DNA sequence: GATAATGTTCGATC
DNA sequence: AGATCGAACATTAT
């Protein structure tokens, strides 16, 4: 269930494993997986290769050698797997890209929320997957962030999940980011002043880059293209730790769970205060 | 069987 | 008009 660090890991893995291999054919096993209809993918992809592997937020951006762009959003359970010639298709295979050399790149997705979309040259931003998202969260500008927060009453953690403000933060990293900068996730956004927003921006960049360095977080489903688990689950300070003791040395607090914007949210009420950061 | 799951979008309501 | 909330989407695992 990928967020920014997991999609970035996918991007790096694909760049390395697929590189400029030629796509010889595409099979769409689940038409629902393709925004714009299955024919949009099967027409004219044969003979093409990926010229560059890019990403914005949780969206993979594969630029093809003919100028078109293949966009992919894994949503909750989408992932790529590289199969060797005699490997069987995974149970939830949705789209299969046949590559020169006999390998197959499979997009699999049990819950079927993920989407692939092929955009014409110069029109990728207008597609359904990119048109609603803001700048990538790895480059988190504090002044811009503050402007986005100042007239909103929503809890700060809910705003971190708003992809139009910053693209890429999901439910795990949102709780971890709030913990990192000592901010109560329920704090109304407009209560943050510039110093706190700066702390928040710094915490966002720090947590995401650690997530990337450890190749993402595996709690149950997420696997890298090579089928391996990520490593950031070992570093989670609050997510999924309801009732456990806070990891900060000497802190007597226990991790609490509340629901914000319909999603589980974890925090230490001792370390995390409203509108105030931890020293 | 009920519940929750790392995501987004839509419609209803304020 | 804009903000906000809950339901919906679909499937699996506990």
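The values are calculated or read from the model by the stated rules, or taken from the named source; none is laboratory data. Since we're looking at a predicted model, the values are computed, not measured. Here the Cβ positions follow ideal geometry from the backbone for every residue, glycine too, while neighbour counts run over all protein chains shown.
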Among the listed residues A:11, A:20, which satisfies the condition of being in a helix (DSSP H, G or I) and free of Cβ contacts under 8 Å to residues at least 60 places away in the same chain?
A:11
Segment A:125-150, residues that are touching a helix residue (DSSP H, G or I) at 6+ places or on another chain (Cβ under 6 Å), more than 19 Å from residue A:3 (Cβ to Cβ) and within 16 Å of DNA strand C (Cβ to nearest atom)
A:146, A:149, A:150
Residue count, segment A:183-201, condition crowded, with 23+ Cβ neighbours inside 10 Å, in a helix (DSSP H, G or I) and more than 14 Å from DNA strand C (Cβ to nearest atom), comes to 2
Of the residues in segment A:158-181, those that are over 15 Å from residue A:205 (Cα atoms) and not in a helix (DSSP H, G or I) number 3
With the structure loaded, tell me whether residue A:202 is at pLDDT 95 or above and within 22 Å of residue A:246 (Cα to Cα) or whether it fails that test.
yes
Within segment A:160-182, is there a residue that is modelled with pLDDT of 95 or more, more than 22 Å from the chain's Cα centre (by Cα) and surrounded by 18 or more Cβ atoms within 10 Å (Cβ to Cβ)?
yes
